[in-house]
Amino acid sequence: MLDMTRIIGGIAGSRKLVSPAKTTRPTSDRIRESLFSKLEARDLLESSHVLDLYAGTGALALEAVSRGASVAWMVERDGKAAAVCVANARLVQKALQDEELEAETKVVNKSVAAMLAGEASTRFDIVFIDPPYEVTNEEVTANLTALEAHLNVDAVVVVERSSRSGEVSAPKYLKLDEEKSYGDTVLYFYSN
């Protein structure tokens, strides 16, 4: 059985996305709407390059594309979830084509650590890090450290964690701009 989530706003708004049941934990509509309202208020989405680490369904990257991002990479090591990202990217691409718009979407079927260890062929303006809750803060910190080579100047990095996980120890190149709690979920907004 497949659960449904959706694109909230932009060109592909209201389009339903498929997610593999029980293998992913999509960010809730409420949190996604708040997150993207913050990014739009800062004029960060238009023509941006977005990286979605631990992509799951790809909902965060595809929401960004729907709202004006020009490039979105989704990194997901689970083969079934990566296939769902590909299918969901096709749905959003179709909505863009219907409006004679385009964006580059790419699914990278690797672990986050392996992707970040590779050459930084593309640099990103916005990065979403929404790992499974069992991923340790130490692993998130290691990923944040490796991420530096993949960022454009003035990039924004958003980390989603359980409030039970505690704050991530970010490397010195990142500055914590805001911390926002939504029940058991906390979003950390960093800039470089």
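Observations
- The number of residues in region 16-47 being at pLDDT 75 or above, within 18 Å of ARG67 (Cα to Cα) and touching a Leu at 6+ places or on another chain (Cβ under 9 Å) comes to 10.
- Of the residues in region 101-110, at least one is crowded, with 20+ Cβ neighbours inside 10 Å and without any contact (Cβ under 8 Å) to a residue 40 or more places away in the chain.
- Within region 64-74, the residues that satisfy the criterion of being over 9 Å from the mean Cα position of the chain (by Cα) and either part of a helix (DSSP H, G or I) or at negative phi (or both) are VAL65, SER66, ARG67, ALA69, SER70, VAL71.
- Each residue in region 151-160 was checked for being surrounded by 13 or more Cβ atoms within 10 Å (Cβ to Cβ) and either more than 13 Å from the chain's Cα centre (by Cα) or in contact (Cβ under 8 Å) with a residue 40 or more places away in the chain (or both), and 6 pass.
- The set of residues in region 163-179 being surrounded by fewer than 13 Cβ atoms within 10 Å (Cβ to Cβ) and among the polar types (S, T, N, Q) consists of SER163, SER169.
- Residue within region 72-91 that is at pLDDT 95 or above, closer than 23 Å to GLU46 by Cβ and surrounded by fewer than 21 Cβ atoms within 10 Å (Cβ to Cβ) present: no
- Selection over region 158-176 of residues that are of a type in the set (Lys, Arg) and modelled with pLDDT under 95 gives a count of 2.
- Residue in region 107-130 that is farthest from GLY56 (Cα to Cα), counting only those that are modelled with pLDDT of 95 or more and out of contact with any helix residue (DSSP H, G or I) (no Cβ under 8 Å at 6 or more places or on another chain): ASP125
- The single residue among LEU53, LEU62 that is in contact with a helix residue (DSSP H, G or I) (Cβ under 6 Å, 6 or more places away or on another chain), under 17 Å from GLU99 (Cβ atoms) and of a type outside the set (Ser, Thr, Tyr) turns out to be LEU62.
The values are calculated or read from the model by the stated rules, or taken from the named source; none is laboratory data. All of these numbers come straight from a predicted model, not from anything done at the bench. Heads up, the Cβs are rebuilt from the backbone with ideal geometry, glycines too, and the neighbour counts pull from every protein chain shown.
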